[in-house]
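Contents: one structure, followed by commentary.
The values are calculated or read from the model by the stated rules, or taken from the named source; none is laboratory data. What you see is a predicted model; the values in this text were computed from it and never measured. Neighbour counts run over all protein chains shown; Cβ positions are idealised from the backbone, glycine included.
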Amino acid sequence: MAFLLDDILFSPVHGVVWLAERVKETAEAEKFDESKIQESLLALQMQLEMGEITEEEYQERETELMERMEEIATQISKRKTQN
């Protein structure tokens, strides 16, 4: 009977914990999603070609995005070695 009472009382807590875990998984998946960065690089190149940004702005943003790609690759490598 005690376990049933515990289940009833703690079910909202378990639901919140489950939800938090799903949010964390989704955020990590997006954080390590190289396709988003590739899309940003393509959009950036289009902006440059259309004259919406200068070459200097392009270089700055491209550098930031490429650094982010390297960071993702490093994190993925670390995760593989940990498993």
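Of the residues I72, I53, which single one is touching a residue at least 40 places away in the same chain (Cβ under 8 Å), surrounded by 12 or more Cβ atoms within 10 Å (Cβ to Cβ), at negative phi and not charged (D, E, K, R)?
It is I72.
Which residue, of E52, E25, E39, is modelled with pLDDT of 75 or more and not in a helix (DSSP H, G or I)?
When all the criteria are applied, what remains is E52.
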